[in-house]
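The values are calculated or read from the model by the stated rules, or taken from the named source; none is laboratory data. Keep in mind that this is a model prediction, so the values were computed, not measured. Here the Cβ positions follow ideal geometry from the backbone for every residue, glycine too, while neighbour counts run over all protein chains shown. Areas reflect the complete protein model, heavy atoms only, side chains present, ligands, DNA and RNA absent. Shrake-Rupley method; radii C 1.70, N 1.55, O 1.52, S 1.80 Å.
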Amino acid sequence: ETGVTQTPRHLVMGMTNKKSLKCEQHLGHNAMYWYKQSAKKPLELMFVYSLEERVENNSVPSRFSPECPNSSHLFLHLHTLQPEDSALYLCASSQRPFRTSGRGETQYFGPGTRLLVL
Amino acid sequence: AQSVAQPEDQVNVAEGNPLTVKCTYSVSGNPYLFWYVQYPNRGLQFLLKYITGDNLVKGSYGFEAEFNKSQTSFHLKKPSALVSDSALYFCAVRDMNSGNTPLVFGKGTRLSVIA
């Protein structure tokens, strides 16, 4: 798990707060992902960045704003969240850019940030 | 559209017994198939994947999975379960021929190995 790190590991925020989640990958990968994991639901892909370009945005509300300043770092900026946004947010990375021959690529996950919105 | 189903929310098995965690998939073309495991308060860890070739895939921690195209299944197996195998297991699929679609995950199966 040291290949992909996420901070903070736990976060409690009110609905009016602004916070950011950070992900860093030390694997030299070119694609990074944000997923939301809620209890008893499949993992929901939120965003994909490939070579620092956003290539996927799965109808995520605008209160979630991703940022990818370079291929090793990915942020998820949060503002005016709702209680139903409470979940485990997972970051992942894979070696090849998303839109090349990388469909068989393995994604490597970080430990996640457990978010509670009050 | 591609999808994956894990029909069991929970699987209980005695330590030392063989275990099976089921997964079926639906794709329009040929699949890439993955198994991941999630331990408490951790992210998902890659176990194994099927890309092409031999239908029996061996992975980490003694796990293996068999790709069965006629039954559209990719069940995860281990000959002898350990208490430390207790975790949440996810199957995932991507269609080889569907362009840029992302990996689709199942809901997960919680495996409980009882000493």
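Shape summary: the range A:1-60 maps onto an equivalent ellipsoid whose semi-axes, from the alpha-carbon gyration tensor, are 21, 16, 13 Å in decreasing order.
Counting only residues at least eight positions apart within a chain, or on another chain, the aspartates and glutamates with an alpha carbon under 12 Å from that of A:K36 are A:E44, A:E84, A:D85. Whole Å is fine, so just give me how far the alpha carbon centre of the range A:4-48 lies from that of the range B:56-99. Computed from Cα coordinates, the inter-centre distance equals 25 Å. Dipole of the protein assembly as shown computed with +1 at Lys/Arg Cβ and -1 at Asp/Glu Cβ about the Cα centre; of A:L118, A:V55, A:H10, farthest Cα towards the positive end is A:L118. Springs join every pair of Cα atoms under 10 Å in this Gaussian network model of chain B, and among B:N41, B:N12, B:N68 the largest mean-square fluctuation is at B:N41.
Heavy-atom accessible area with a 1.4 Å probe sorts A:K36, B:K107, largest first, into B:K107, A:K36.
By the Cβ rule of 4.7 Å, the protein assembly as shown holds the following cysteines without a possible disulfide partner: A:C68. Once the Kirkwood radius over Cα pairs is known for the range B:7-51, the Stokes-Einstein relation at 25 °C and 0.890 mPa s delivers a diffusion coefficient of 187 µm²/s. Between A and B, buried accessible area summed over both sides at probe 1.4 Å, in Å² to the nearest 100? Buried: approximately 2000 Å² between B and A. Rg and Dmax over the alpha-carbon atoms of the range B:27-115 stand at 13.5, 46 Å. In the distance distribution for the protein assembly as shown, Cα-Cα pairs more than 29 Å apart total 28 percent. For the set B:K58, A:K40, solvent exposure ranked by accessible area (probe 1.4 Å, protein chains only) runs largest to smallest as A:K40, B:K58. Using θ = phi - 60° in the Karplus curve 6.51 cos²θ - 1.76 cosθ + 1.60, the 3J(HN,Hα) couplings for the range B:65-80 round to 9, 10, 7, 10, 5, 5, 9, 6, 10, 8, 6, 8, 9, 8, x, 9 Hz; x is entered for Gly and Pro.
Mean separation of Cα pairs under 8 Å and 6 or more residues apart, divided by the residue count, gives the range B:11-53 a relative contact order of 29 percent. The lysines whose alpha-carbon is closer than 18 Å to the alpha-carbon of A:K40, local same-chain residues fewer than 8 away aside, are B:K22, B:K107. Charge tally around B:C23: other residues with Cβ under 15 Å, Lys/Arg +1 each, Asp/Glu -1 each, net +4.
With K and R counted +1 and D and E -1, the other residues having a Cβ less than 13 Å from that of A:P66 yield a net charge of 0.
The H on the amide N of A:M46, modeled in the peptide plane, is under 5 Å from the matching H of A:W34, A:Y35, A:K36, each at least 5 residues off or on a different chain. Here B:S3 sits with roughly 50 square angstrom of accessible surface, probe radius 1.4 Å. Mean per-residue shielding of peptide B:38-46 is 6, counting Cβ atoms of other chains within 10 Å of each Cβ.
Compare B:E64, A:E84 by solvent-accessible area with a 1.4 Å probe and give them largest first, with all protein chains kept in place. Present the calculation step by step, with values, prior to reporting the outcome.
Working: B:E64 45, A:E84 115 Å².
Final ranking, largest accessible area leading: A:E84, B:E64.
The charge dipole of the range A:1-97, taken about its Cα centre with unit charges on the Cβ of Lys, Arg, Asp and Glu (plus for the first two, minus for the last two), comes to roughly 240 debye. Protein heavy-atom accessible surface, 1.4 Å probe, per residue over chain A: 46 Å².
Mean separation of Cα pairs under 8 Å and 6 or more residues apart, divided by the residue count, gives the range A:22-118 a relative contact order of 32 percent. For B:F67, neighbours were defined as the other residues whose beta-carbon sits under 15 Å from its Cβ, and their charges (Lys and Arg +1, Asp and Glu -1) total +2.
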